[in-house]
Amino acid sequence: MHCKIRNNSDLDMSRTLPLVKSLYSRAQREMGFKKPANIIFQSDSENADQDLGKTGHYQPDSFTITIYTDKRHIKDVLRSIAHELVHHDQNCCGAFEEPFETGAGYAQRDDRMRELERDAYERGNMIFRDWEDTYKQALNETNYYRKETPKMSKGITEQELRQIVRRVLQEKLA
């Protein structure tokens, strides 16, 4: 399931987009939401200048996640996406059908909203952590094999290639 992504920020999407798509796919598989989310990357210099500015929010009526990107590390941006995707999952499961408020202090005043926030922090962080660890492991394995396997253009024989693959697999399993 694909999401629509709109970049209203200065964020370079050439490196970010593959990460966002990978994280989104993992979150969708784990949570199982059936409706696609929309993600908007938003610049807001005034917000970025605040020590405790907004990082993102979810709009249940349009299935839209807005993530503020100015002065943020990409890892923090991705973590915010995971958090907001939990709110999307909650919405798809009907959690926002009852009236609710989201002004300042809403999670301290409304026990139901507090529980939804707790859930988003917990599941969002764990989904992000599991995705990150898996992504890094796959990347390291790819880099490992790239370093260890000589290029075919060096005239390597099929038998030499088999020996190299056997050695790499033995080292990997040791």
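The values are calculated or read from the model by the stated rules, or taken from the named source; none is laboratory data. Remember, predicted model here, so these are calculated numbers, not experimental data. Neighbour counts run over all protein chains shown; Cβ positions are idealised from the backbone, glycine included. Note: areas computed on protein heavy atoms with side chains; ligands, DNA, RNA excluded. Shrake-Rupley method; radii C 1.70, N 1.55, O 1.52, S 1.80 Å.
Descriptive notes on the structure:
- For segment 1-132: relative contact order, % (alpha-carbon pairs under 8 angstrom, 6 or more apart): 25
- Distance between the modelled labels on Glu98 and Arg15, one decimal in nanometres: 4.4 nm (7 Å Cα→Cβ projection).
- Protection proxy ranking of 89-102, 120-133 - average other beta-carbon atoms within 10 Å, highest first: 120-133, 89-102
- Extension gain from Gln108 to Tyr121, taking 0.36 nm per residue of separation minus the Cα-Cα distance: 3.2 nm
- Student exercise, segment 1-61 dipole from Lys, Arg, Asp, Glu Cβ charges, in Debye to nearest 20: 640
- Probing with 1.4 Å while keeping every protein chain in the model, the per residue accessible area of segment 75-125 equals 54 Å².
- Segment 12-36 and segment 88-131 have Cα centres separated by 19 Å.
- With θ taken as phi - 60° and the Karplus curve 6.51 cos²θ - 1.76 cosθ + 1.60 applied, the whole-hertz 3J(HN,Hα) list for segment 21-26 is 4, 5, 5, 4, 4, 4 Hz, x standing for glycine and proline.
- For segment 24-83, the set of trypsin sites (Lys or Arg not before Pro) satisfying both a DSSP loop assignment and a count of at most 13 other C-beta atoms within 10 Å is given as Lys34, Lys71.
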